[in-house]
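Presented below is the structure to which this report refers.
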Amino acid sequence: MRHYFLEQKKLLSIGCLLYAIAVLFKTGSYFAQMETMGAAMAKDLHRLLYFVVLQFGAQILFRVLQMLEEFFMQKAFANAKTSMRNTISRQISRKNYQEFQSAQIGDYISWYTNDVFQMDDGLQILIALILFAAQGIISIAALAYIHWSLAVLSVVSSIFVILSTKLFQKKLEACGHANSKAQEIYTSAIKDLLSGFGILKTFGSLNRFFEQSEQASKDRETVWYRGRCTEKKADAGITSINLLGQAVNTVLMFLLGVWGVIPIQTVFGGGSLVNIVNNSLEQFTLYFVQLSTYRPYFKKFEEHDLQTPAETLQELPALEKKISFRDLSFSYPGKPVLSHLNMEFKKGKKYAILGPSGCGKSTIFHLLMGQLQNYTGEILFDQTSAREIDPESLNRQIAYIEQDVYLFNSTIRDNITLGHTFTDEQIEKALKNSALQNDLPTLPDGLETKTGENGSHLSGGQKQRIAIARALIHNRSILLVDEGTSALDPKNAEIVEQSLLTNPTLTLLLISHHLTEKGKQRFDQIYELNPALTTAGGPIKEVSAGQA
């Protein structure tokens with residue numbers, strides 16, 4: 001949290017200064033109120049009007065300065081929320097493939113939305129603590145000007161109220177933890193239901209949509225309700241203690257007036273000052289207790305900021321000879337996938353990897369891209385171990401085309417270029433080699449056609465061709481294709497495969513469930529994964545290589 005304060009210190013400082021000046025004018029208005037009462041008691045109309053005007057002017061200036069303070073503060077909060085989301089983005093970008101997949105997309109969305117809004121609330125509470133503290137100090141100083149005993153009593157009652165907060169802090173912090181987790185669970189549940197809404201509607205199971213969304217909401221709101229009840233109990237206890245202090249201070253103010261220690265008209269304006277002190281104290285204390293609810297979010301963002309940099313890894317040099325798997329084994333938790341695998345992929349050659357679903361074909365690709373780390377054996381790029389290579393540099397040499405293509409809700413051009421600049425000639429070549437060129441005249445805006453959310457405006461074949469164009473235009477020397485032409489008609493599939501197979505500088509690895517004998521002849525090497533079942537039911541992979 002300190003990081004975000006320092007980032008916005010200029011705006012926050014100006015806001016706090018404006019508020020302090022505003023409180024001075026407000027305090028001055030109460031002294032004018034005292035003088036107004038004194039003038040009324042003396043029947044001095046000219047003096048009475050003078051102080052009424054002063055009182056009115058001070059209140060107007062207070063409101064104007066308070067409004068200006070809000071402008072600066074809210075701008076600081078808006079900037080801080082953007083900075084918080086940048087922190088989340090940096091944290092996510094540092095995750096490797098396995099770490100990223102360990103959480104659901106709904107969890108990450110909850111970070112960007114709920115967690116940031118909670119942090120914003122927490123930041124606003126921290127600022128409110130500062131502002132109410134300033135208001136209380138200025139008002140206590142004004143009371144001390146009237147009589148020192150009023151200031152002493154206010155300080156003593158303040159200490160008692162602040163100490164009472166210790167009774168509630170731990171419970172409220174626990175509520176904050178529970179609230180954060182409940183929001184993540186709720187967001188994930190709703191995202192899951194919405195993602196499968198089409199399936200539920202098709203199979204007449206909308207009752208499941210209603211029941212599960214209602215139950216998710218009930219579970220979420222139960223946690224919220226318990227937290228709010230705890231907050232209200234804390235509020236009631238603190239307010240009761242504060243009201244007792246306010247009553248004692250008010251009695252003392254009147255006694256001082258009756259005893260002639262202070263002018264009797266001072267009691268009227270002084271009573272307002274006593275109320276300000278106690279209201280400031282009450283708000284300060286209530287916010288201080290509520291702050292415990294937000295500490296889990298503060299800690300989460302501190303953990304994001306304090307991530308230690310990864311160990312220094314080397315840049316992957318351009319491939320000179322081959323990629324090798326040596327005695328490679330990999331298991332997902334409780335599920336062996338690859339066992340003692342040995343394979344070679346020579347530079348510029350074309351390889352097909354065959355086998356049934358679930359035999360580890362896609363896992364091989366994820367291992368090559370550095371997305372899976374917990375393997376035994378070796379993956380070598382020439383003579384360099386993949387463990388010594390920065391995964392980011394792998395991305396600069398390897399392109400991956402998945403069967404389930406993801407497209408951003410943008411234009412076709414943007415989905416191909418991903419914001420990079422390419423010449424018209426480069427774009428045209430990528431369109432031609434991906435068999436996308438003939439589709440453009442049929443689209444409403446050509447390359448500028450909006451794809452919709454995850455390409456909802458396009459066919460599966462069009463989505464795959466865009467993904468292929470994206471891979472080709474970024475000129476990666478190693479291309480991994482996971483059933484990347486499965487949605488294409490035979491003619492377009494032939495255009496794409498011919499383009500890939502005849503590129504002499506491209507090292508191509510293509511996954512397929514089925515490949516005809518004629519198709520196999522077009523590759524330099526075929527690797528077929530033949531799973532065998534163990535007594536435990538887990539697949540053990542054996543690889544046989546055959547020259548095409």
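The values are calculated or read from the model by the stated rules, or taken from the named source; none is laboratory data. Note that this is a predicted model, so its numbers are computed, not measured. Every residue, glycine as well, gets a Cβ built from its backbone with ideal geometry; the counts of neighbours run over all protein chains shown.
Mind telling me which of the residues VAL277, VAL289 ends up being modelled with pLDDT of 75 or more, surrounded by 12 or more Cβ atoms within 10 Å (Cβ to Cβ) and either under 29 Å from the mean Cα position of the chain (by Cα) or aliphatic (A, V, I, L, M) (or both)? Outline the logic, then answer.
On the way: VAL289 fails: modelled with pLDDT of 75 or more.
Result of the check over VAL277, VAL289: VAL277.
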Condition broken by SER29, with the remaining ones in (1) buried (at least 20 other Cβ atoms within 10 Å of the Cβ); (2) in contact with a Ser or Thr (Cβ under 8 Å, 6 or more places away or on another chain) satisfied: (2)
Just to confirm my filter: which helices (runs of 4 or more DSSP H) fall fully inside segment 158-273 and include at least 1 residues that are under 30 Å from ILE140 (Cβ atoms)? 169-195, 206-258
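Looking only at residues in segment 219-240 that are among the charged types (D, E, K, R) and surrounded by 11 or more Cβ atoms within 10 Å (Cβ to Cβ), which one is nearest to the chain's Cα centre (by Cα)?
ARG220
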Does ALA216 count as surrounded by 13 or more Cβ atoms within 10 Å (Cβ to Cβ) and outside the structural domain of ALA32 (by TED's automatic domain parsing)? yes
Counting only residues that are modelled with pLDDT under 80 and under 23 Å from LEU472 (Cα atoms), segment 516-548 contains a total of 1
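Condition test on GLU392, is it assigned by TED's automatic domain parsing to the domain that holds GLY519 and under 25 Å from ARG94 (Cα atoms)?
Against the criterion (assigned by TED's automatic domain parsing to the domain that holds GLY519 and under 25 Å from ARG94 (Cα atoms)), GLU392 qualifies.
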Selection over segment 323-347 where residues are surrounded by fewer than 16 Cβ atoms within 10 Å (Cβ to Cβ) and either under 30 Å from the mean Cα position of the chain (by Cα) or within 23 Å of GLN498 (Cα to Cα) (or both) yields a count of 3
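Residues of segment 135-145 being buried (at least 18 other Cβ atoms within 10 Å of the Cβ), within 17 Å of ILE162 (Cα to Cα) and not polar (S, T, N, Q), which ones?
GLY136, ILE140 - these are the residues of segment 135-145 that are buried (at least 18 other Cβ atoms within 10 Å of the Cβ), within 17 Å of ILE162 (Cα to Cα) and not polar (S, T, N, Q).
Here's the yes/no breakdown for (1) farther than 23 Å from GLU173 by Cα; (2) among the hydrophobic types (A, V, I, L, M, F, W, C):
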{"residue": "PHE71", "(1), (2)": "yes, yes"}
{"residue": "ALA78", "(1), (2)": "yes, yes"}
{"residue": "MET84", "(1), (2)": "no, yes"}
{"residue": "GLY106", "(1), (2)": "yes, no"}
{"residue": "GLN118", "(1), (2)": "no, no"}
{"residue": "LEU123", "(1), (2)": "no, yes"}
When segment 440-449 is checked residue by residue, the ones that are out of contact with any helix residue (DSSP H, G or I) (no Cβ under 7 Å at 6 or more places or on another chain) and either aliphatic (A, V, I, L, M) or surrounded by 17 or more Cβ atoms within 10 Å (Cβ to Cβ) (or both) are LEU443
Listed residues ALA386, ALA310, ALA352; which is out of contact with any helix residue (DSSP H, G or I) (no Cβ under 9 Å at 6 or more places or on another chain) and either of a type outside the set (S, T, N, Q) or modelled with pLDDT under 85 (or both)? ALA310
Residues (within 30 Å of LYS81 (Cα to Cα) and among the hydroxyl-bearing types (Ser, Thr, Tyr)) located in segment 124-166: THR165
